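Below is one structure; the comments refer to it alone.
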Amino acid sequence: MRGHAWPSRVRGTVAAMAVVVLSACAKQVVSSGTTLPGASPVPSVTTDDPSTFGSATGKGAIEGFLKAVNAQDLQGMSALWGNAKGLARDQFKREELEKRLIVMQCLIQHDKAVFPEDRPRLVTGGRQEFLIELTKQGASARTSITTVQGPGGRWLVEDVDVAKLRDFCR
């Protein structure tokens, strides 16, 4: 991890679920750089300004991240995922980054996303925690997504509480 400390619930959950989830979801993932045989290229849905990373707001970072998840756009996801130091893609080896993104993509993929509350639930230490309700194939789950300002004041998705979303990847 090159000296980078991700919240323990992300490290532990992602590592434990990677073995189970990766094989079930990997065949579905399409990055913006490549496509599966016979599939149409997926346009990149990264940020509100394609020349930069992150978003102008915490909620915007989550919205962009969720769009990238549903578009199976790993590049788009990686342009919105990080911490106060910067993008995760600059802190992980490519193979590790892709595994984590695929697991998150599988668990967060949804038919509908709603912010039950307009404002962040918690604002502490420069972070904002948003409650999000995801629906997929009639099932729904609420979880929290934490955003943080990265370099240049751009907001990034720092943490997704994926433990509550395990049933979404089936």
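No value in this document is a laboratory result; all are computed from the given coordinates. Just so it is clear, the model here is predicted, and its values are computed rather than measured. Cβ placement follows ideal geometry from the backbone for every residue including glycine, while neighbour counts extend to all protein chains displayed.
Is the stretch 77-164 best put as rounded, prolate or oblate by its Cα gyration tensor, with a ≥ b ≥ c the root eigenvalues, rounded for a/c under 1.5, and otherwise prolate when a/b is larger than b/c, oblate when not?
Oblate shape, in that a/c is at least 1.5 and b/c is the bigger or equal ratio.
What length, rounded to one decimal in nm, is gained on full extension from Gln137 through to Asp111, with 0.36 nm per residue of separation minus their alpha-carbon distance? Working shown, then result.
Numbers: separation 26, 0.36 × 26 = 9.36 nm, distance 0.71 nm.
Length difference between fully extended and current span is 8.7 nm.
What is the calculated FRET efficiency for Arg166 to Lys85, with r their C-beta to C-beta distance and R₀ = 25 Å, to the nearest 0.05?
About 0.30, to the nearest 0.05.
For Lys93, give me every one of the lysines with a C-alpha distance below 20 angstrom, ignoring sequence neighbours fewer than eight places off in its own chain.
Result set, ordered by chain and number: Lys85.
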